[in-house]
Amino acid sequence: MRGNIFGRILCRFLCCTFFFLFPAFLGADGSYTVESIQFIPPVYYVGDRVELRAVLRSSSGVRILPPKEFPRIEWGEFHDAYIVPRDGLTALHISFTAYQTGSKTIPNLVCGDVVLQGLSASVRSLTEGAVREPAPAHGSLLLPSTRLIIALAAGFLIVLPLAALACFIWLRPGLRKIIGYYREKQPYRKLKKDLALLRVRAGETDSRQFYISLLEAMKLYMNRHIAANCLAFTTRELEAVFGKTFECGQEADALLGIFRYGDEVKFGGRESSQGKRLQDISLGAAILWRLENSRRAAKKESVHA
Amino acid sequence: MDIQQIQEELNSARQLYSRARDNIAAVIVGQKGMIDGLFMGILAGGHVLLEGVPGLAKTLAVKSLAQSIDASFKRIQFTPDLLPADLTGTLVYRQQTGEFVPRKGPVFSNIILADEINRAPAKVQSALLEAMEEKQVTIGDNTYPLPDPFFVLATQNPIEHEGTYPLPEAQLDRFILKVLVSYPGVEEELEILRRAGTGNLGAVSRAVFPGDIRRLQEVIQGISVDGRIEVYIVSLVSASREKQRGHNSYSRYIEFGASPRAAIYLYRCAKVQAFFEGRAYVIPEDVKAVAPAVLRHRIVLSYEAESDELTADDVIKNLLGAVSVP
């Protein structure tokens with residue numbers, strides 16, 4: 001009996017001793033309490049960078065500092081840690097990345113006077129709970145109707161040149177005719193334009209310049225319709241050409257007369273009156289107009305034939 | 001001096017020229033081109049190269065010209081053994097005085113006929129060509145001027161090239177004209193035959209004097225040449241050198257084109273041609289008329305021209321057809 005009483009008293013003494021002295025031991029180790037533990041993001045997977053936020057309440061005199069060095073962990077790695085004071089509390093932020101799935105124990109972390117212990121991280125797996133084959137690779141995503149537009153554009157690019165080619169082949173004879181018609185008449189149009197200009201300026205320009213322009217305009221026309229290199233022909237050479245070109249000898253002589261007179265003015269310094277100039281323009285224009293008409297008529301006949 | 005005055009002078013000068021020309025025409029049947037060429041050379045102040053086969057009255061024409069002008073005339077037959085001193089003269093030792101005295105060669109004449117010039121070696125050719133260019137000859141230590149006027153009329157044979165010394169281009173360039181002497185027509189040949197058969201070859205009388213030649217030259221010098229004609233002349237000559245551009249059909253036939261000297265001679269000859277036509281101004285026809293004779297010995301044809309059997313005249317014809325006249 002006495003022994004039981006003694007035992008009870010001893011037991012109570014030990015319990016009281018433990019109850020009152022244990023906080024003193026904690027205080028000696030750094031008196032603090034963990035207010036909250038939070039992982040950011042709350043759900044994380046292998047390879048994610050995670051921040052552990054531990055909010056601690058500590059008694060005065062207890063220093064809470066970021067760990068000077070992190071212990072090595074096999075399942076991942078620590079990156080950094082820093083302290084954020086918060087209304088009398090201290091928030092300890094520790095970043096880490098886990099490379100293995102499952103619940104992983106975070107080793108004790110010495111943070112100044114405080115040692116954080118008993119923490120664990122739960123690293124989730126994306127394939128957790130199901131064995132799944134990797135999904136096949138998707139093609140690039142396209143806007144609706146993109147394929148249709150591409151097909152239409154490609155078709156347009158292929159069809160357009162072919163259509164143009166077909167049109168060209170179909171229209172070619174007509175085009176050739178139009179171009180030929182334009183080219184055929186172009187020298188005479190130019191001659192008419194030049195002569196009209198000379199007629200206006202007959203009184204203004206000096207004799208030499210006037211006959212240079214007049215004979216050049218007529219030679220340019222003849223170069224296309226009478227002989228290929230009329231521009232390199234002298235008046236005497238033109239005489240031989242005119243003999244074959246003009247049916248009427250008088251017309252050839254009259255035109256040669258203009259050229260001979262022009263040579264005298266151009267190279268011999270002969271002066272010419274305005275009346276003579278206008279007369280030569282009219283005569284040259286009339287002869288070449290008749291030549292152009294007979295040439296066109298002959299061409300029409302040959303086409304009909 | 002205006003063109004009217006030049007024209008008046010030209011008309012009187014032409015009478016003088018017609019007299020000399022008719023004089024030669026009385027002896028030479030046909031060969032208008034050759035006679036005109038000889039006169040053109042003399043009036044343009046240059047030397048003429050005549051090319052033709054034997055028997056075409058080349059020598060007779062030159063002799064008649066000399067007689068007609070009343071000028072001293074010497075004929076030198078060029079042979080392979082001819083020496084420069086045979087042409088220009090040399091120093092001869094005079095025993096009586098014991099000194100060397102110059103003995104002037106046949107080159108000291110107004111008109112020289114260098115017959116078959118390509119038969120003499122290069123040193124003789126160059127001695128003559130030097131006299132042609134400088135119009136003076138050096139014998140020993142002294143230089144002697146040649147008489148004025150001084151004309152060399154050289155002949156060469158287009159066939160029988162064996163044993164000949166063809167004139168190099170640089171020396172050919174000294175001749176103002178190269179006149180091709182062709183065979184006479186049938187009627188002309190008949191006339192030659194009749195004259196030769198009766199022995200009535202005609203005689204040349206003195207029609208003009210060296211002083212008249214100088215007067216004619218002065219009149220010709222006064223003939224007006226428009227700026228556009230000058231440009232045309234230069235265009236023609238430079239077009240003959242357009243080988244690098246290669247866009248003209250004729251250019252591939254030309255190995256070497258004409259020199260600027262050709263432009264000068266073309267200018268002078270065009271004036272003479274205008275004089276022949278009785279005009280006091282030059283027109284493009286005059287330039288075209290003289291271009292073959294002035295350019296044919298100055299253009300070196302390419303291998304392509306030879307393979308296409310083209311002559312210098314064919315190429316010049318193309319050249320004239322490619323350049324626009326003013």
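Here A:S58 fulfils each of the conditions (1) surrounded by 18 or more Cβ atoms within 10 Å (Cβ to Cβ); (2) out of contact with any Leu (no Cβ under 9 Å at 6 or more places or on another chain); (3) not hydrophobic (A, V, I, L, M, F, W, C) apart from (2).
Yes/no per residue for (1) over 24 Å from B:I3 (Cα atoms); (2) surrounded by 20 or more Cβ atoms within 10 Å (Cβ to Cβ):
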residue: A:Y221; (1), (2): yes, yes
residue: A:K244; (1), (2): yes, no
residue: A:L256; (1), (2): no, no
residue: A:K276; (1), (2): no, no
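Report yes if some residue within the range A:113-128 is within 30 Å of A:L278 (Cβ to Cβ), of a type in the set (S, T, Y) and in contact (Cβ under 8 Å) with a residue 12 or more places away in the chain; otherwise report no.
First, the residues of the range A:113-128 that are within 30 Å of A:L278 (Cβ to Cβ): none.
Within the range A:113-128, not a single residue is within 30 Å of A:L278 (Cβ to Cβ), of a type in the set (S, T, Y) and in contact (Cβ under 8 Å) with a residue 12 or more places away in the chain.
Cβ-Cβ contacts under 8 Å between residues 6 or more apart (or on different chains), taken from a first residue in the range B:1-19 that is more than 14 Å from chain A (Cβ to nearest Cβ) and touching a residue at least 40 places away in the same chain (Cβ under 8 Å) to a second residue that is assigned to a helix (DSSP H, G or I) and surrounded by fewer than 17 Cβ atoms within 10 Å (Cβ to Cβ), are listed as B:A13/B:R215; B:L16/B:R215.
For the range A:234-280, give me each residue that is assigned to a loop (DSSP other than H, G, I, E, B) and within 14 Å of chain B (Cβ to nearest Cβ). It would help to see each step written out before you state the result.
Restricting attention to the range A:234-280, the residues satisfying the condition of being assigned to a loop (DSSP other than H, G, I, E, B) are A:234, A:246-248, A:269-273.
Correct list: A:T234, A:G269, A:R270, A:E271.
Being open to solvent by 70 Å² or more (accessible area, probe 1.4 Å), in a helix (DSSP H, G or I) and within 17 Å of B:F151 (Cβ to Cβ) narrows it down to one of B:R194, B:R215, B:R206, so name that one.
Details: B:R194 fails: within 17 Å of B:F151 (Cβ to Cβ); B:R206 fails: in a helix (DSSP H, G or I).
Residue meeting the stated conditions: B:R215.
Go through A:L214, A:L198 for me and flag whichever is over 27 Å from A:G180 (Cβ atoms), away from chain B (no Cβ under 14 Å), touching a residue at least 60 places away in the same chain (Cβ under 8 Å) and part of a helix (DSSP H, G or I).
Details: A:L214 fails: away from chain B (no Cβ under 14 Å).
Only one candidate qualifies: A:L198.
When A:R208, A:R199, A:R172 are screened for being surrounded by fewer than 16 Cβ atoms within 10 Å (Cβ to Cβ) and either touching a Ser or Thr at 6+ places or on another chain (Cβ under 9 Å) or within 30 Å of A:V265 (Cβ to Cβ) (or both), only A:R199 passes. Note on the range A:223-233: residues that are within 9 Å of chain B (Cβ to nearest Cβ) and surrounded by 19 or more Cβ atoms within 10 Å (Cβ to Cβ) total 2. Meeting the requirement of 1 or more residues that are open to solvent by less than 50 Å² (accessible area, probe 1.4 Å) and touching a Ser or Thr at 6+ places or on another chain (Cβ under 6 Å), the helices (runs of 4 or more DSSP H) wholly within the range B:13-129 are B:58-69. Looking across the range B:162-188, the residues that are free of Cβ contacts under 8 Å to residues at least 40 places away in the same chain and either in contact with a helix residue (DSSP H, G or I) (Cβ under 9 Å, 6 or more places away or on another chain) or not hydrophobic (A, V, I, L, M, F, W, C) (or both) come down to B:E162, B:A170, B:E187.
Being within 14 Å of another protein chain (Cβ to nearest Cβ), assigned to a helix (DSSP H, G or I) and under 51 Å from the mean Cα position of the chain (by Cα) is not true of A:L162.
The condition (being over 23 Å from B:I283 (Cβ atoms) and modelled with pLDDT of 90 or more) is satisfied by just one residue among A:L256, A:L160: A:L160. If you go through the range A:67-82 and keep only what is under 17 Å from A:I37 (Cβ atoms) and open to solvent by 50 Å² or more (accessible area, probe 1.4 Å), you end up with just A:Y82. For the range B:179-191: of the residues being under 22 Å from B:Y265 (Cα atoms) and open to solvent by less than 50 Å² (accessible area, probe 1.4 Å), which is farthest from the chain's Cα centre (by Cα)? It comes out as B:V181. The set of residues from the range A:217-247 being over 60 Å from the mean Cα position of the chain (by Cα), farther than 19 Å from A:Y188 by Cβ and among the hydrophobic types (A, V, I, L, M, F, W, C) comprises just one member, A:A240.
The values are calculated or read from the model by the stated rules, or taken from the named source; none is laboratory data. The model shown is predicted, which means the values in this text are computed figures rather than measured ones. In this analysis, Cβ positions are derived from the backbone assuming ideal geometry, glycine residues included, and neighbour counts consider all displayed protein chains. Accessible surface areas use protein heavy atoms only, side chains included; no ligands, DNA or RNA. Shrake-Rupley method; radii C 1.70, N 1.55, O 1.52, S 1.80 Å.
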